[in-house]
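Report on one structure; see the data block that follows.
The values are calculated or read from the model by the stated rules, or taken from the named source; none is laboratory data. Here the structure is a predicted model, which means the values were calculated and not measured. All Cβ positions, even for glycine, are placed from backbone atoms using ideal geometry, and neighbour counts span all protein chains on display.
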Amino acid sequence: MPTETVAAFRNLAIVGTGPTGLYTLHHLLQRGQKLTVTLFEAAPLAGVGSPYSPETTQASMLANIASIEIPPLGETYLDWLKRQPDAMLRVYGVNATNLHERQFLPRLLLGGWFRDALERMIRDANAQGHRIALREAARVLDVEPAGAEYRVTFTTAVGTESLLFSHVVLATGHDWPDDPDHDDLLFVSPWSGLIEAKVPALPVGILGTSLSGIDAAMAVACQHGHFDEGETTVYHPNPGSEGLKITLMSRNGLIPEADFWCPLPYRPLAHVTEAALAQAQAGGAAGLLDRLWHLFKLELSEADPAYARSIGLADLTPEAFATAYFAPRLAADPFVWAAENLAEVQRNTTQRRTVEWRYAILRLHEPMETLVASFNDHDRSRFEALQRVFIDNYAAVPPQSIRRLLALHRANILTVLSLGEDYSLTHAEGETVVQTETGAQQTFAVFVDARGQRALGLSDLPFPKLRAALGKNDGPVPLNTSFALQKPSLAGIYLPAAPYLLSRLPFVQGIVSSCDLGHEVARAIIPDAPAMLA
């Protein structure tokens, strides 16, 4: 008589309850098996995630993703918004009668949706026979193998505890530098106390012109005035704030472009298909980028022949394409370009017109990312130029953010500084002196490093016994394609945390990536599941 194979009991720990932790739980609960899950969150409030927490953001900071792009967690973000009281939405400057699926809204609202989704998942899962426990204000100190299981050691308000699990998912999310000095004039990241600090109305330097830099500028500006979001956005400084001057700076001094209209979900690509990517990879590491570049040029030329001709795409290398892509903006005043780009985006949104070359680049970055880990060192270095193009394209910011930057510039508060490649920063005696490549100097009373998340490696992993068990001291954390640790004794530990993946998946940040990571981890933990539920 045949024996029935019974799946091993799964008693899981999920460390971190930001978007990746939530989507991991969501996908696990769809896999058709009863689970015991303990969720660990170091912060007092679980299910929010650091970019959407009241501790690190404020109502003026916008999410650069709309409901139409956010994977549902039981319900869509838009459906949740429609259930909220009008009075609550008004607190965040949102008119309930104007809600729509392409709207960019304050990150705090998105955090509220995540929190409600977590509470609903726990409630519904426990009612269905799962056992889900939430440990808030519980910081995980270490993870180590313990026979066939893994011991998770964590601290709480009453002391240190440990529990055993069959699987551990380290969904630890963003990792910002510590600020041991808590200096209210020098911030090592926008998330290291800037929201709570009282920033004086003096020259403020912000290193980084992406959305993180814009957030830092908004945090400072909203301490010293307010925006009137009428037909033309106007910034009104408070009396006594005349000394406030904000400088956004980066190597090229470029402001992000406004998010553009395009069909969603994405139209399929014609040339950069799974089969074409597999064929390119089958040719080996040598010449892989050139084979991908050939597919890229085919795709872009077919999508927008006029644009391809205008930049001479047929004769360009990846490096030369990046130069051609950025050249018009580098030759223009950044605020003139921003105003013209904003007007174009607004026209196209009204007309539902797609700029095909922008849309093609947007759709190309994800499939091309899948082969970055297969590049040799030479191609990985060459890809950096094209990587900047992709990041500039997909990291376009909400049009409202551009309107606010323009308002600050018109108020004679905001400027942009191009640093060049060879610049220096000196922090001394309560000031920061910046010297550009050309030798020009500027001095700032307040300085914020807003360059965003850096790639992390094994030496950054904050779990000493786990590092020791891996037997390495540096380099990237060894992971398989399902983000499990690549060592047999640690194969039940997963690390779907963006900072540790950036070296192999340079575009992995964002809510959609969090959903994809959670899906892959859930499939690996329960590979014998029935068909996914809708």
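Summary of computed values
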{"quantity": "Every residue from region 225-265 that is over 26 Å from residue 424 (Cβ atoms) and not in a loop (DSSP other than H, G, I, E, B)", "calculated": "225, 226, 227, 228, 229, 233, 234, 235, 236, 237, 258"}
{"quantity": "Subset tally (residues that are at pLDDT below 95 and either in contact with a Gly (Cβ under 8 Å, 6 or more places away or on another chain) or among the aromatic types (Phe, Trp, Tyr) (or both)) for region 66-82", "calculated": "0"}
{"quantity": "Scan of region 464-511 for residues that are under 12 Å from residue 145 (Cα atoms) and not aliphatic (A, V, I, L, M), ordered by number", "calculated": "465, 467, 487, 488, 489, 492"}
{"quantity": "Some residue of region 170-187 being among the polar types (S, T, N, Q), more than 23 Å from the chain's Cα centre (by Cα) and in a loop (DSSP other than H, G, I, E, B)", "calculated": "no"}
{"quantity": "Residue count, region 458-486 (criterion: in contact with a Gly (Cβ under 8 Å, 6 or more places away or on another chain) and surrounded by fewer than 16 Cβ atoms within 10 Å (Cβ to Cβ))", "calculated": "2"}
{"quantity": "Selected residue (criterion: surrounded by the most Cβ atoms within 10 Å (Cβ to Cβ)) from residues of region 201-224 that are among the β-branched types (Val, Ile, Thr) and part of a helix (DSSP H, G or I)", "calculated": "214"}
{"quantity": "Subset tally (residues that are crowded, with 18+ Cβ neighbours inside 10 Å and more than 23 Å from residue 457 (Cβ to Cβ)) for region 142-166", "calculated": "2"}
{"quantity": "Among the candidates 170, 134, residue that is under 27 Å from residue 502 (Cβ atoms), out of contact with any Ser or Thr (no Cβ under 7 Å at 6 or more places or on another chain), buried (at least 16 other Cβ atoms within 10 Å of the Cβ) and assigned by TED's automatic domain parsing to the domain that holds residue 18", "calculated": "170"}
{"quantity": "Residue 365 of a type outside the set (Ser, Thr, Tyr), more than 29 Å from residue 216 (Cα to Cα) and out of contact with any Gly (no Cβ under 7 Å at 6 or more places or on another chain)", "calculated": "no"}
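Residues are listed down the side, and each one gets a yes or a no for (1) closer than 20 Å to residue 129 by Cβ; (2) within 18 Å of the chain's Cα centre (by Cα); (3) of a type in the set (Val, Ile, Thr):
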| position | (1), (2), (3) |
| --- | --- |
| 16 | no, yes, no |
| 24 | yes, yes, yes |
| 29 | yes, no, no |
| 34 | yes, no, no |
| 42 | no, no, no |
| 66 | no, yes, no |
